[in-house]
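Undergrad: First, the structure itself, so that you have it in front of you.
The values are calculated or read from the model by the stated rules, or taken from the named source; none is laboratory data. This one's a predicted model, so the numbers in the text were calculated from it and none came from an experiment. With ideal geometry, Cβ positions are generated from the backbone for all residues, glycine too; neighbour counts draw on all protein chains shown. Side chains included, ligands, DNA and RNA excluded: accessible areas come from the protein's heavy atoms. Shrake-Rupley method; radii C 1.70, N 1.55, O 1.52, S 1.80 Å.
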Amino acid sequence: MIIGVTCHPSAGGSGILATELGIALAERGHTVHFVTFEPPFRLQEFRDNIFSHYVQLPSYPLFRFPPMSLALATKISEIAEEFSVQIWHAHYAIPHAACALLARDMMSAESRFRVVTTLHGTDITLVGSDPSFYRITKYAMEQSEAVTAVSDWLNAETRREFNLDKPVRTIHNFLDVSKFDNHTPCREKLASPNEKIIMHVSNFRPVKRVTDVVRVFRRINEEIPSRLIMVGEGPERMSAVGVAKQLGIADRIKYLGNQENIESLLPCADLVIQPSEHESFGLVPLEAMACCVPVVGTRSGGIVEVIEDGVTGILCEVGDIDAMATRSIAILSDPEAAQRMGQMGQHRVRERFSRDRIVGQYEALYEELISAPVAVK
Ligand code: GMT
């Protein structure tokens, strides 16, 4: 099949998932064309069957805000026509699904691709439900040939919020588990041998509640010699720095910024803390589980489909610092139980969220759409 992909190329989960899916599809012999504004975060090296096309933005004094979406739609349409793309996979409804539809409608009826829109979470919970984007998000979903959501929670939330009269299919996110095997942990660079390593990975947006991480860590550090390793960049980083200073634990925390090889960092952790306000899926808990690291997360959104409470990690209520700290201390104080939890986590990832299993579901969906007669519009 010939598949086009648009995604946000930054270090966010939707871009990572889109890139990993593109790579997996190319390895299965399909041809994949990415159309983005800059190189996707995890697509820096040359790979067979993958082509990257970048959108050029015109600068003209009349345009106070350059019409980026129109440039993207135009590029999608050009690439789709030139390479006979059959499926356009838009990751994140706004603006990607809307742009793919516009691109499709610019093409002649016989050369049109089918649009698959994958909802990742914030496109529905924050962006799509903002009044300024509501109608176009609903339109984009209704006009796509298929809509998928990365968790059952997001699926239900989308149908409730948008009152859709078309089905949304859940296709969970996945991992290439082999990438998380056999990494030499670099823990001696992060902490002394007697210290436990607590890790948090995110884009430091308000929804991630990074100051909760610092507060939970303060409680852990009072009982257990430990270090907090913060991975990622984003608007709330300075709030975390400020809270750590107030609490007198600034010297116990390292901020590593964005890191490409998360699979070599996560195995260094004894515990990962992800206290998000809500999370439609939670790729970081999944990555931690793949590395046999227990996770303390929140009982919110799709995280409950990722972490099995008490088995592969612990779920607490959003903002319940006491519970998160107490449960974290219990895990860190019982290395055998922590190891069992880590192994159960890795087993769960292999069983339910493996690349082969999930990519096969996308492939089957594309095939189904390509073989269906084109709806006359
Ligand atoms: O979490 C973010 O702010 C990034 C966002 C994105 O669009 O990149 O992540 C969303 O998509 C990920 C991949 O499907 C999910 O694992 C995250 O849970 C989801 N984030 C939220 O729902 C807050």
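Undergrad: Identify all residues within region 246-269 that are open to solvent by 40 Å² or more (accessible area, probe 1.4 Å) and either more than 15 Å from residue 208 (Cβ to Cβ) or modelled with pLDDT of 95 or more (or both); write none if there are none.
TA: As a first pass, look at region 246-269 and keep what is open to solvent by 40 Å² or more (accessible area, probe 1.4 Å): 246-248, 250-252, 254-256, 258-261.
Selection gives 246, 247, 248, 250, 251, 252, 254, 255, 256, 259, 260, 261.
Undergrad: I'm trying to understand the selection: among the residues of region 269-284, which are under 15 Å from the mean Cα position of the chain (by Cα) and more than 9 Å from the ligand (Cβ to nearest atom)? Walk me through it before giving the result.
TA: Our first condition is that a residue be under 15 Å from the mean Cα position of the chain (by Cα); within region 269-284, this holds for 274, 276, 278-284.
Across region 269-284, the qualifying residue is only 274.
Undergrad: If residue 204 satisfies every condition in (1) of a type in the set (Phe, Trp, Tyr); (2) within 30 Å of residue 102 (Cα to Cα); (3) crowded, with 17+ Cβ neighbours inside 10 Å but one, which is the exception?
TA: Condition (2) is where residue 204 drops out.
Undergrad: Is it fair to say residue 318 is of a type in the set (Val, Ile, Thr) and more than 20 Å from residue 219 (Cα to Cα)? Before the answer, list the steps.
TA: Values: of a type in the set (Val, Ile, Thr): yes; more than 20 Å from residue 219 (Cα to Cα): no.
Here the answer is no, as residue 318 does not meet what is asked.
Undergrad: To continue, here is another question. If residue 198 satisfies every condition in (1) away from the ligand (no atom under 14 Å from the Cβ); (2) out of contact with any Leu (no Cβ under 8 Å at 6 or more places or on another chain) but one, which is the exception?
TA: Result: residue 198 passes all but (2).
Undergrad: Being under 22 Å from residue 75 (Cα atoms), within 14 Å of the ligand (Cβ to nearest atom), out of contact with any strand residue (DSSP E or B) (no Cβ under 6 Å at 6 or more places or on another chain) and outside the structural domain of residue 276 (by TED's automatic domain parsing) is the requirement here; does residue 94 meet it?
TA: Working: under 22 Å from residue 75 (Cα atoms): yes; within 14 Å of the ligand (Cβ to nearest atom): yes; out of contact with any strand residue (DSSP E or B) (no Cβ under 6 Å at 6 or more places or on another chain): yes; outside the structural domain of residue 276 (by TED's automatic domain parsing): yes.
So residue 94 passes the test.
Undergrad: Hey, among 151, 129, 111, 144, which residue is under 19 Å from the mean Cα position of the chain (by Cα) and either touching a residue at least 12 places away in the same chain (Cβ under 8 Å) or assigned by TED's automatic domain parsing to the domain that holds residue 299 (or both)? It would help to see each step written out before you state the result.
TA: Values: 129 fails: under 19 Å from the mean Cα position of the chain (by Cα); 111 fails: under 19 Å from the mean Cα position of the chain (by Cα); 144 fails: under 19 Å from the mean Cα position of the chain (by Cα).
After ruling out the rest, the residue left standing is 151.
Undergrad: Something else about it: Every residue in region 351-369 that is out of contact with any strand residue (DSSP E or B) (no Cβ under 9 Å at 6 or more places or on another chain), farther than 17 Å from residue 118 by Cβ and surrounded by 14 or more Cβ atoms within 10 Å (Cβ to Cβ), please.
TA: 352 - this is the single residue of region 351-369 that is out of contact with any strand residue (DSSP E or B) (no Cβ under 9 Å at 6 or more places or on another chain), farther than 17 Å from residue 118 by Cβ and surrounded by 14 or more Cβ atoms within 10 Å (Cβ to Cβ).
Undergrad: Something else: Can you find, within region 297-322, the residue that is most open to solvent (accessible area, probe 1.4 Å) among those that are touching a Cys at 6+ places or on another chain (Cβ under 8 Å) and over 21 Å from residue 351 (Cα atoms)?
TA: Going through region 297-322, the residues touching a Cys at 6+ places or on another chain (Cβ under 8 Å) turn out to be 297-299.
Filter once more, keeping what is over 21 Å from residue 351 (Cα atoms): 298-299.
On the way: 298: 0, 299: 100 Å².
Across region 297-322, the extreme among qualifying residues is 299.
Let's see how each residue does on (1) polar (S, T, N, Q); (2) touching a Gly at 6+ places or on another chain (Cβ under 7 Å); (3) open to solvent by less than 50 Å² (accessible area, probe 1.4 Å):
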site: 3; (1), (2), (3): no, no, yes
site: 17; (1), (2), (3): no, no, yes
site: 30; (1), (2), (3): no, no, yes
site: 36; (1), (2), (3): yes, no, yes
site: 62; (1), (2), (3): no, no, no
site: 77; (1), (2), (3): yes, no, yes
site: 83; (1), (2), (3): no, no, no
site: 104; (1), (2), (3): no, no, yes
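Undergrad: Continuing with this model, one more query. Which residue pairs have Cβ atoms under 7 Å apart, sit 6 or more places apart or on different chains, and have a first residue in region 328-340 that is assigned by TED's automatic domain parsing to the domain that holds residue 310 and a second that is assigned to a helix (DSSP H, G or I) and open to solvent by 80 Å² or more (accessible area, probe 1.4 Å)?
TA: Close Cβ pairs satisfying both conditions: 329/223.
Undergrad: Right, next: Restricting attention to helices (runs of 4 or more DSSP H) lying wholly within region 129-243, give those where 3 or more residues are more than 27 Å from residue 267 (Cα to Cα).
TA: 131-143, 152-162
Undergrad: Restricting to region 168-190, count the residues that are more than 29 Å from residue 146 (Cβ to Cβ) and buried (at least 21 other Cβ atoms within 10 Å of the Cβ).
TA: To start, the set of residues in region 168-190 that are more than 29 Å from residue 146 (Cβ to Cβ) comprises 180-190.
With the extra rule that they be buried (at least 21 other Cβ atoms within 10 Å of the Cβ), the set shrinks to 180.
Number satisfying all stated conditions: 1.
Undergrad: Continuing with the same structure: Does residue 359 meet the test of being within 16 Å of the ligand (Cβ to nearest atom), assigned to a helix (DSSP H, G or I) and at pLDDT 95 or above? Talk me through it step by step, then tell me what you get.
TA: Working: within 16 Å of the ligand (Cβ to nearest atom): yes; assigned to a helix (DSSP H, G or I): yes; at pLDDT 95 or above: yes.
Against the criterion (within 16 Å of the ligand (Cβ to nearest atom), assigned to a helix (DSSP H, G or I) and at pLDDT 95 or above), residue 359 qualifies.
Undergrad: Considering (1) surrounded by 23 or more Cβ atoms within 10 Å (Cβ to Cβ); (2) of a type in the set (Ser, Thr, Tyr); (3) in contact with a strand residue (DSSP E or B) (Cβ under 7 Å, 6 or more places away or on another chain), say which one residue 52 fails and leave the rest.
TA: Among (1) surrounded by 23 or more Cβ atoms within 10 Å (Cβ to Cβ); (2) of a type in the set (Ser, Thr, Tyr); (3) in contact with a strand residue (DSSP E or B) (Cβ under 7 Å, 6 or more places away or on another chain), residue 52 violates only (1).
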